[in-house]
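**Q** Questions regarding the structure given below will be posed in turn.
The values are calculated or read from the model by the stated rules, or taken from the named source; none is laboratory data. Model, not experiment: these values are computed from the prediction. A quick note on method: Cβ atoms are made from the backbone with ideal geometry, for glycine too, and the neighbour counts reach across all protein chains shown. Just the protein is used for accessible areas: all its heavy atoms, side chains included, with ligands, DNA and RNA removed. Shrake-Rupley method; radii C 1.70, N 1.55, O 1.52, S 1.80 Å.
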Amino acid sequence: MSSHDDIVVRRLGPADRQLAQQTFALMTAVFDEGGHALSDPYVDALLARPEFWALVALDGAACVGGITAHVLPMPRHEARELFIYDLAVDPAHQRRGIGRRLVQTLCRDAAVAGVPVAFVPADDEDEHAVSFYTALRGAAAPVTIFTFEHGHADRRGAT
């Protein structure tokens, strides 16, 4: 097992399709979501979007973690905020500071790019995630996030 100093964290770009696919596959496996590999055109389009951020944690050539986020323009004032969407670390490499480095690197790089605020949802039941983000000095916000799947919002006759 390598030390914390051997881990390299860097942002993925358009030339990093294969590494991005490895990172996204790791996330799918860690979250136990099943599914299939993303197509090359889909990954290429994702990586070409400047408002999409993906960072990878590498131990040598091996992908051991990743984080994805989306830059969102704010409609009430001229600013952008970073929505952290996924963070995953290979279980064999957890509890070594890799997740912390991914979040800190992402937030630092975003601030340098003029995006000083980042936020991340965490399910209340996910005690590990809540504890992790609290340890990073994240401030919990009392919100409930609703999701809608195609066709479901209009079936109940909501007004």
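**Q** Between E33 and Y85, what is the spin-label point distance in nm, taking each point 7 Å from the Cα along the Cα→C-beta axis?
**A** Once both label points are built, they end up 0.8 nm from each other.
**Q** Check G65: other-chain or 5+ apart residues with amide H under 5 Å from its amide H, H built from backbone geometry?
**A** For G65, the qualifying residues are A57, D90.
**Q** So, one more: Summarise the accessible area of the chain (1.4 Å probe, protein heavy atoms) by the percent that is carbon and sulfur.
**A** 53 percent
**Q** Compute the relative contact order of region 10-62 as a whole-number percentage, counting only Cα pairs closer than 8 Å that sit 6 or more residues apart in sequence.
**A** 54 percent
**Q** Among V120, V130, V64, which one shows the highest mean-square fluctuation when the chain is modelled as a Gaussian network with alpha-carbon springs under 10 Å?
**A** Between V120, V130, V64, it is V130 that shows the largest mean-square fluctuation.
**Q** Where a ≥ b ≥ c are the square roots of the eigenvalues of the C-alpha gyration tensor, would you call the chain rounded, which needs a/c under 1.5, or, failing that, prolate if a/b is larger than b/c, or oblate?
**A** Cα axes put the chain in the rounded bin.
**Q** With the crude spin-label approximation of a point 7 Å out along Cα→Cβ, what separation in nm comes out for D40 versus F52?
**A** 1.6 nm
**Q** Of L102, L58, L136, which has the largest mean-square fluctuation in a 10 Å C-alpha GNM of the chain?
**A** L136
**Q** Related question: Might you tell me the accessible area per residue for the chain, computed with a 1.4 Å probe and given in Å²?
**A** Per residue, the chain has an accessible area of 67 Å².
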